[in-house]
1. Full-extension gain between Glu40 and Tyr16, please, as 0.36 nm times their residue separation minus the C-alpha to C-alpha distance.
2. Around Arg9, with a cut-off of 12 angstrom between Cβ atoms, what is the net charge of the other residues, counting Lys and Arg +1 and Asp and Glu -1?
Amino acid sequence: MEELIGHCRTCEKPIYCKMGFLDGVVQADKSLVCYECSSEMPKENLTVEPQK
Ligand SMILES: [Zn+2]
């Protein structure tokens, strides 16, 4: 059973929820990206606390 959740904001690939597992990543701003694009995301999208 697959449920269409939305489309990747980068490549516009459809992202499904399969058996309760999302086929991608939901960003902090609620936008969706597929796993392929999320792995290509620049590090600046990750919140990293600077070490002092
Ligand atoms: Zn994508």
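1. 6.7 nm
2. 0
Every number here is computed from the coordinates shown, using simple stated rules; none is lab data. All values derive from a computational prediction rather than experimental measurement. Glycine also receives a Cβ, built like all others from the backbone with ideal geometry; neighbour counts cover every protein chain displayed.
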